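Worksheet: one structure, shown below.
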Amino acid sequence: MLGAQNVGKSCFIKRIIHNQFKVLNVCEYGVEVLHVKIKNSILFIYLSDFFGQEEWFSVRKDEVQNADGIILIYDISDKESFESSKYFYEYEIKNLCKKSIKKLLLGNKCDLKEKRVISREQGLYFASENNYKFKEISICTNENVFEAFEEFILDIYNDLLNKKN
C-alpha cells in the first residue's frame, strides 16, 4: 500500500484483515499476512503498510521491487493526496516495480461527498492513463472495500497462473 499520510492505508488493511474500522492517529508500518484460497490454491498475501513520509523510501524500495501487485490510495477530499499519488507513480512505482505488476488505484472516503475535491472522472483518467484498475471506496462505511480487494487479488492470481502455463 502506498499513498500520502492520512489517506487510509492502515485502516484499509485493518478493514481487510479484521473487518474493523478505527481512525488511527498514529502512523503504522507493518506487514500483515493474509491466506486466501482460490480454486485449489492458497495464496499468501503480504499487505505492507508504508508510511507516506519520504524517509521510508528505502524500505518501500525493497518491498515494491518484488511485489506482484501494488495498491495506491488517495483521499477524494484532499487534492494534495491525489497529487502525491502521481508522485508515487512517477518516481517509485514506474521506476522500481516490475513492468508486469498489477496496480489498483483507490479513491478513499467517497462517503464524504460534500468534501469531495477530486472527481471520479479525475481518478478514472489517472488510472486509465497509467494502467491501473480503479475503485472509489469508503473504508469507514465499508463501501466497495472487499469487492475492490477481491477483484484485485483474483486479477493477480489469474496473471500468475497464466505465466505458469
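For segment 67-81, the set of residues classified as surrounded by fewer than 22 Cβ atoms within 10 Å (Cβ to Cβ) and either outside any loop (DSSP other than H, G, I, E, B) or polar (S, T, N, Q) (or both) consists of Gly69, Ser77, Lys79, Glu80, listed by residue number.
Being out of contact with any Phe, Trp or Tyr (no Cβ under 9 Å at 6 or more places or on another chain) and not basic (Lys, Arg) is the requirement here; does Asn142 meet it?
no
For beta carbons closer than 7 Å, sequence separation of 6+ or different chains, a first residue in segment 28-57 that is under 20 Å from Asp159 (Cβ atoms) and a second that is modelled with pLDDT under 70, the qualifying pairs are Tyr46/Val31; Leu47/Val31; Ser48/Val31; Ser48/Glu63. Of all residues in segment 114-165, those satisfying the criterion of being of a type in the set (Ser, Thr, Tyr), crowded, with 17+ Cβ neighbours inside 10 Å and within 21 Å of Ile93 (Cα to Cα) are Tyr132, Tyr157.
Residues of segment 106-136 that are part of a loop (DSSP other than H, G, I, E, B), at negative phi and touching a residue at least 60 places away in the same chain (Cβ under 8 Å): Tyr132 alone. Return yes when Asp111 is within 13 Å of the chain's Cα centre (by Cα) and surrounded by 14 or more Cβ atoms within 10 Å (Cβ to Cβ) and no when it is not. It is false that Asp111 is within 13 Å of the chain's Cα centre (by Cα) and surrounded by 14 or more Cβ atoms within 10 Å (Cβ to Cβ).
Name the residues in segment 82-105 that are of a type in the set (S, T, N, Q) and not in a loop (DSSP other than H, G, I, E, B), would you? Residues satisfying the conditions are Ser84, Ser85, Asn95. Among the residues of segment 116-134, is there at least one that is aromatic (Phe, Trp, Tyr), closer than 25 Å to Asn19 by Cα, touching a Ser or Thr at 6+ places or on another chain (Cβ under 8 Å) and modelled with pLDDT of 95 or more? Yes: segment 116-134 contains one or more residues that are aromatic (Phe, Trp, Tyr), closer than 25 Å to Asn19 by Cα, touching a Ser or Thr at 6+ places or on another chain (Cβ under 8 Å) and modelled with pLDDT of 95 or more. Just one of the numbered conditions (1) assigned to a helix (DSSP H, G or I); (2) modelled with pLDDT under 95 is not true of Ala148: (2).
The values are calculated or read from the model by the stated rules, or taken from the named source; none is laboratory data. Quick caveat, the model's predicted, so the values are computed rather than measured. Quick reminder, even Gly has a Cβ in these numbers, built from the backbone with ideal geometry, and neighbours come from all protein chains shown.
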